[in-house]
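The values are calculated or read from the model by the stated rules, or taken from the named source; none is laboratory data. Note that the structure is predicted; figures quoted are calculated from it, not measured. Glycine also receives a Cβ, built like all others from the backbone with ideal geometry; neighbour counts cover every protein chain displayed.
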Amino acid sequence: MRIHIALIGFGNVARRFVRLLDESRDALRELDLEPVIVGIATRRHGAVFEAAGFEAHTLARLVDLTAASGAVGPALNPPTAAEIIQRLGDMRSDARVMIETTVLNVQSGEPAISHVSTALASGAHVITANKGPVAFAYRRLADEAARRHVSFLHEGAVMDGIPIFNLVRETMPAATIHGFRGVINSTTNHMLCALERGEDYADALRRMQAEGVAEADPSLDVDGWDAAAKVAAMANVWLDARITPADVVREGVTPACGERARAAVRAGNRLKLVGAAFRNGARVEARVSLEELPARDPLAILDDQANALEINATPLGRVVITQRDGGLEKTAYALLTDLVTIRRRLA
């Protein structure tokens, strides 16, 4: 089955996804899945559309060109992201998929929400690695997808490629989720581990930026906003919370955490930034907070960029899934798994 794809956002994750499609072509062929990329749109550096699909060598050139200069399309009057999505929607195809990987806007979730809504309205399936649509508008978008008989998938939005949403959706039928907690931001966990070892806060942050662990502007991570968006996303999907990141009680990792982290280790514990949400009667309470955890806790054993999530469900009890290393390749793989899910649903 040929699946036509438009990529909205063409940063590191999307470019790695394009390479992964090529690397996985034999496995995808066995699944009767032939992905055809027909459109690419970026916020600042142009857009291109080719209904026949881009040849492999053209995609490789676009990936290299974008990595080097940021440009993908012609400088004169390139189509907008909305126009790329509409052209995808107008195609005659076995299946049309819009993949959204733009940068998170933690204040509103836009323009990612509009991209998703436009694609669904056009009859296209949607895959997103952006937390915004799930953290701000999950119920509305999921209902719209159901009305249009298309998929709205978001495995890459939380914990890179670790299949937390697939785990619940596909392997926990009839289970009731009461809550969850986890270490879900790699940068802050790495920071806390560095502080435990006696590293200065500013020095540790600069080192992580140089290594590519932390962003040039690390505020989304160290101020707890990234974790809050992930908590909102999971709470909306699993607990029908209908909250946004602003509704999550939030704490971050500051220079003052250094002594606190070292004191926790001396006491046989570890300080972790924990994101959690749980039902409290008819309400859902959500938070991101620094917690001193006993050494035997499954969240306490996590070093550096490792993440883990504990889901509390009936009748299963507490289920823990751990990610020992993350990175953009894992997020790109999450996009691939969602694409395979769409193919299986169409079968």
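Below, the figures for the structure above:
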{"read-out": "Check on Arg207, in a strand (DSSP E or B), in the same structural domain as Arg270 (by TED's automatic domain parsing) and either free of Cβ contacts under 8 Å to residues at least 40 places away in the same chain or more than 15 Å from the chain's Cα centre (by Cα) (or both)", "value": "no"}
{"read-out": "Candidates Ala137, Ala145, Ala216, Ala119, filtered to the one that is more than 23 Å from Leu271 (Cα to Cα), at pLDDT below 95 and out of contact with any Cys (no Cβ under 9 Å at 6 or more places or on another chain)", "value": "Ala216"}
{"read-out": "Lone qualifier among Ala202, Ala194 - being surrounded by fewer than 15 Cβ atoms within 10 Å (Cβ to Cβ) and either assigned to a helix (DSSP H, G or I) or not β-branched (Val, Ile, Thr) (or both)", "value": "Ala202"}
{"read-out": "Residue satisfying condition, being of a type outside the set (A, V, I, L, M) and under 18 Å from Ala276 (Cα atoms), within set Gly182, Gly161, Gly156", "value": "Gly182"}
{"read-out": "Val249 vs. criteria surrounded by fewer than 21 Cβ atoms within 10 Å (Cβ to Cβ), farther than 30 Å from Ala174 by Cβ and touching a strand residue (DSSP E or B) at 6+ places or on another chain (Cβ under 9 Å)", "value": "yes"}
{"read-out": "Lone unmet requirement of (1) among the small types (Gly, Ala, Ser); (2) at pLDDT 95 or above; (3) loosely packed, with under 15 Cβ neighbours inside 10 Å for Ala261", "value": "(3)"}
{"read-out": "Tally of residues being basic (Lys, Arg) and either under 20 Å from Ile84 (Cα atoms) or in the same structural domain as Val248 (by TED's automatic domain parsing) (or both) across the range 105-155", "value": "1"}
{"read-out": "Subset tally (residues that are loosely packed, with under 15 Cβ neighbours inside 10 Å and not charged (D, E, K, R)) for the range 205-219", "value": "4"}
{"read-out": "Verdict on Asn312 being at pLDDT below 95, surrounded by fewer than 19 Cβ atoms within 10 Å (Cβ to Cβ) and polar (S, T, N, Q)", "value": "no"}
{"read-out": "Some residue of the range 149-168 being more than 17 Å from the chain's Cα centre (by Cα) and farther than 30 Å from Asn269 by Cα", "value": "yes"}
